[in-house]
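The values are calculated or read from the model by the stated rules, or taken from the named source; none is laboratory data. This is a predicted model, so every value here is computed, not measured. A quick note on method: Cβ atoms are made from the backbone with ideal geometry, for glycine too, and the neighbour counts reach across all protein chains shown.
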Amino acid sequence: MSSLHPRLITMVDKLLQHPPRSVQVALGELFPLDEDQLRAQWNELTEHTSLENAALNIRLVRAEQQCMVCFQKYHPQNQETACPHCKSVGAKIIAGEEFYLESIKEENE
Ligand SMILES: [Zn+2]
């Protein structure tokens, strides 16, 4: 079991102030937690709280990097950093590190 991610703990703390019925989060492919790990940690944090029955929806954000040599954009495979076009190492991450609350649904909606 990996340790609970501080950003998820903060998110759950905030949600507990006004527990919604369902929650949608955006999760980047490069974020340290994958979908299953996020769900497991969510369950652990919300068990026996007013969020216990809230639905967790996860929208995965595909990773994208841009090569700093040829400026081509590409989708990194297995966390690789070498450019598939020119083989250079050194890329800027454009997308994939996201983790944020995207929307919530309240009880009466
Ligand atoms: Zn390149």
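Checking each residue in segment 59-109 for being among the aromatic types (Phe, Trp, Tyr) and within 22 Å of Asp36 (Cβ to Cβ) picks out Phe99, Tyr100. Among the residues of segment 46-92, those identified as part of a strand (DSSP E or B) and within 12 Å of the ligand (Cβ to nearest atom) are Gln65, Gln66, Cys67, Lys73, Tyr74, Ala82, Val89, Ala91, Lys92.
Residue check: Leu60 meets all listed conditions (1) free of Cβ contacts under 8 Å to residues at least 12 places away in the same chain; (2) under 17 Å from the mean Cα position of the chain (by Cα) but one, namely (1). Of all the criteria given as (1) touching a Cys at 6+ places or on another chain (Cβ under 9 Å); (2) surrounded by fewer than 18 Cβ atoms within 10 Å (Cβ to Cβ), the one not satisfied by Ala91 is (2). Against the list (1) part of a helix (DSSP H, G or I); (2) more than 15 Å from Glu98 (Cα to Cα), the condition Arg7 fails is (2).
Go through segment 100-109 residue by residue and tally those that are touching a Lys or Arg at 6+ places or on another chain (Cβ under 6 Å) and surrounded by 13 or more Cβ atoms within 10 Å (Cβ to Cβ).
Taking segment 100-109 and keeping what is touching a Lys or Arg at 6+ places or on another chain (Cβ under 6 Å), we get 105, 107.
Narrowing further to those that are surrounded by 13 or more Cβ atoms within 10 Å (Cβ to Cβ): 105.
Number of matching residues: 1.
The residue list Glu29, Glu52, Glu47 contains one member that is of a type in the set (D, E, K, R) and surrounded by 15 or more Cβ atoms within 10 Å (Cβ to Cβ), which is Glu29. Note on segment 60-87: among residues that are surrounded by 12 or more Cβ atoms within 10 Å (Cβ to Cβ) and of a type in the set (D, E, K, R), the one that is modelled with the lowest pLDDT is Glu80.
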